[in-house]
Amino acid sequence: MRVMGVDPGLTRCGIALVESGAGRQVTALDVDVVRTPTDMELAQRLLAVYTAASHWLDTHKPDVVAIERVFAQNQVSTAMGTAQAGGVIALAAGQREIPVRFHTPSEVKAAVTGSGRADKAQVTAMVTRILGMQTKPRPADAADALALAICHCWRGPMAERMMRAQRQAEAAAARHREKIDAARARTSADTARTGVDTARQRRGA
């Protein structure tokens, strides 16, 4: 499975590609950081991120794209920019019918280091060790993108099975509700017919 990991951002957007092998073996195939200047118009910055992501998707053809989920940050403007960057990359993947999955920072840290509270230095060190890299990936955005891809390689299959099980359970529950509603409708109809027949009998008497 080829996974494209994305640490979204406007100023720096980390993008990485890894391939999973037997067991927990993971190999890094490529990594880069897309940069856009802060004085550039927002639309142009998003276009630059989108264009870079599109090139990666068309060149590497990943099986899935793993993007960091933005859920809380101290600076609202930073969170918005991060979410927008992640959104245009998800759009590029969606246009190519490539599945997109989101992972929270704590999920990624826990998968890679064993602790959801690990700092960036610990994540970078573990990514370097897991991938057998000679030097640490720099900047941290590159390491984070690799960590996201590794996280999905290790946790994605189980998450997919859980999602399928949940969808099956929801479908079964929906069918059960339909049967109950149909039975209630039949009961109501039978009750209504019985009432009409009773009324007719009384009038006849």
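The values are calculated or read from the model by the stated rules, or taken from the named source; none is laboratory data. Worth saying up front: this structure is predicted, and the values here are computed from it rather than measured. Accessible surface areas use protein heavy atoms only, side chains included; no ligands, DNA or RNA. Shrake-Rupley method; radii C 1.70, N 1.55, O 1.52, S 1.80 Å.
For the reader, a short list of remarks on this structure follows.
- To the nearest ten degrees, helix 42-60 and the longest principal axis of the Cα atoms of the chain are 90 degrees apart.
- Gaussian network model of the chain, Cα within-10 Å springs - most flexible of R35, R193, R101: R193
- For segment 65-118, the square roots of the Cα gyration tensor eigenvalues, ordered a ≥ b ≥ c, give a/c of at least 1.5 with a/b no greater than b/c, which places it in the oblate category.
- Stokes-Einstein D for segment 95-159, Kirkwood Rh over Cα pairs, 37 °C, 0.692 mPa s (µm²/s): 271 µm²/s
- Extension gain from T104 to L42, taking 0.36 nm per residue of separation minus the Cα-Cα distance: 19.8 nm
- Partners for K136 among aspartates and glutamates (Cα-Cα distance below 17 Å; same-chain residues under 8 apart left out): D7, D30, D32, D119, D144
- Where only alpha carbons of the chain are counted, the Rg and the Dmax (Å): 25.7, 99
- Carbon + sulfur, % of accessible area of the chain - ligands and nucleic acids excluded, 1.4 Å: 52 percent
- Pairs of alpha carbons in segment 1-97 whose separation is greater than 20 Å (percent): 36 percent
- Structure remark: mean-square fluctuation, Gaussian network model of the chain, C-alpha springs under 10 Å; the largest value among A90, A171, A145 belongs to A171.
- Kirkwood Rh and Cα Rg combined as Rg over Rh, evaluated for segment 44-139: 0.99
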